Amino acid sequence: HNDDLNRRSSKRRALTYARRDLLDTKPSELSVASSNSSNDVDLNFIRIDDSQNLSLCNDTSDSSLNETVPNDIVELSIHEIVYDNISEVSVDEQSFTTLDEYFDFSLFTTEPDISLHNLTNVTKNEYCKALLNLFRDANVCKTHCDRFIQLISSVLPTPNHMPKSTKALLNEMQVEKLFVKRSICTICYQNLNDHNNNIKCIVNETRLHVDIYEIDMKLAFSQILDRLYPDIIQYKQEIASQSSIEDNDIPFNTLYQNMISQFTTEKNFVSLILHIDGVSLCKSSKLMLWLLSGAFVELPPHLRYQRSNMILLSIWIGYQEPIPKAWLSSCVDRLNRLKTEGILLSDGSKCQVLVYGIIGDCPALKVILEFIGHTGYHCCFYCYIHGIHVGGRGGKRQYYFENRIQLRTKRTYELESIRAVETSSNVYGHLGRSLLHDLLDVPLPNSIIVDYLHVSLLRHTRAIIQQVYAQLSPLERTKFDSGLRGQRFPHFFNRKLRAVCDLAFVK
């Protein structure tokens, strides 16, 4: 009789803990009296039948061992106090780990924001958000994130709702996978997964491998435009009424007005300025990261260049300068497709996409434009000024002022780039035909936007300021530096001027 009571008590405790786990009951809502019995809880008896009633069963095929749980046990209230002769709360740890195997959790409706485990009030969403922010702030790679998650999971009580991997953590926080990675060989430009073992290629040489990340453009554009469209509509109204204080902004000038009058009759449209730049990833190697991103012209300037409002289109990570066609061919094709099809917004309307221009510093622009570097003889994107080499070996180019400057036109720019491809030579600075010829709605070279910081505030400006600064007295230098630190840029620009004494840090 005692054995039968102990057996029933063990089953009752198993059912109570199972119900508490499934219904997310707090420990304070259940008090389980203790018992001296050393019998372990056998969860081989727990199952759920089609009518969602808990019943006991044995894995053996002998039907005589199967018995249904009495109704008074099945209908235990989650607030009921279970009394038996147990001296301490003792539930086999294995019982918690096997709950998922014996219960179909899809039959139960749980709260969307559940506790991480039964012994804490911290919710799963709060914990996952804090953990993901920590990983991002610490710049931890996914491999080490997985190791951290496994270590944390190993010391948590079971059962728990801790994600078991970085992928599961991202899915839990509904972080969508926006980028697709491909790796290419910089000798044959083929995907490494489809490498044909070209005799010229050294497959195992990592310095010849490049990783390229490309975004899901339709998804990224639709999400960012759904968020920003009210600001875009408001700024368009200011442009149309000429009531904006930013009266010298891009949309108020001739090139933009000509573009929209020529290429669109739709009210729902946005235009994009492309940005290209590169940076070294570390000092110990020549590994570089190059980015192609975009900003929406129809956003007001104070919003346009905020990081959260710009769209990242493609990334190049490798040991050498990007090869434009190998890097951006597929990106440009998808942008052209997006221009043709438009972007479907959440309200069901379509938004047309235009590409206004390209901006960057000279080393970055010469890559995507397939042009000579800024120290070449015909290095200007806009005119045919010819540099003169001075100083002999190790000297430099100088570009003397001309009263009558001969400008490049869109026709000559196109013809010269085609000729450079056909002859494989330098034709007035052109080394090839840029991918942007078939993408930009404002023709080259008019769509090339000079980088204000580099063109206006460096080189000659820097040299002149240093010469003037050297002629000032110490007191005058202090006042001059103070004035520069408080000087605002003539347009909305997320930079601050440095003092002349800190000019060595400006590049």
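The values are calculated or read from the model by the stated rules, or taken from the named source; none is laboratory data. Everything quoted here is computed from the prediction, not taken from an experiment. Using ideal geometry, Cβ is built from the backbone for each residue, glycine included, and neighbour counts are taken over all protein chains shown. Side chains are part of the model used for accessible areas, which takes the heavy atoms of the whole protein and leaves out ligands, DNA and RNA. Shrake-Rupley method; radii C 1.70, N 1.55, O 1.52, S 1.80 Å.
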message: Being open to solvent by 30 Å² or more (accessible area, probe 1.4 Å) and either under 25 Å from HIS460 (Cβ atoms) or in contact (Cβ under 8 Å) with a residue 12 or more places away in the chain (or both): is that true of SER346 here?
response: yes
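Please verify whether SER293 is polar (S, T, N, Q), outside any helix (DSSP H, G or I) and closer than 30 Å to THR186 by Cβ, treating the condition exactly as stated.
Yes; evaluated as a whole, the condition is true for this residue.
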task: Give the residue, chosen from VAL427, VAL442, that is hydrophobic (A, V, I, L, M, F, W, C) and within 35 Å of the chain's Cα centre (by Cα).
output: VAL442
- prompt: What tally of residues in region 407-447 results from selecting those that are more than 22 Å from ILE273 (Cα to Cα), in contact with a helix residue (DSSP H, G or I) (Cβ under 6 Å, 6 or more places away or on another chain) and among the β-branched types (Val, Ile, Thr)?
  reply: 1
message: Can you pull out every residue in region 382-441 that is out of contact with any His (no Cβ under 8 Å at 6 or more places or on another chain) and of a type in the set (D, E, K, R)?
response: ARG393, GLU402, ARG404, ARG408, LYS410, ARG411, GLU422, ARG433, ASP438, ASP441
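Taking only region 172-214 into account, find how many residues are touching a His at 6+ places or on another chain (Cβ under 8 Å), in a helix (DSSP H, G or I) and modelled with pLDDT of 85 or more.
0
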task: Output the residue which, of all residues in region 231-261 that are polar (S, T, N, Q) and not in a helix (DSSP H, G or I), is nearest to ASP441 (Cα to Cα).
output: ASN253
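Condition first: open to solvent by less than 70 Å² (accessible area, probe 1.4 Å), at pLDDT 85 or above, out of contact with any Cys (no Cβ under 7 Å at 6 or more places or on another chain) and part of a helix (DSSP H, G or I). Can you find one or more residues in region 262-277 that meet it? Show your work before the answer.
Step one: filter region 262-277 for residues open to solvent by less than 70 Å² (accessible area, probe 1.4 Å), giving 264, 268-276.
If we keep only those that are at pLDDT 85 or above too, we end up with 268-276.
From the residues that got through so far, the ones that are out of contact with any Cys (no Cβ under 7 Å at 6 or more places or on another chain) too are 271-276.
Imposing the further condition that a residue be part of a helix (DSSP H, G or I) reduces the set to none.
No, because not a single residue in region 262-277 is open to solvent by less than 70 Å² (accessible area, probe 1.4 Å), at pLDDT 85 or above, out of contact with any Cys (no Cβ under 7 Å at 6 or more places or on another chain) and part of a helix (DSSP H, G or I).
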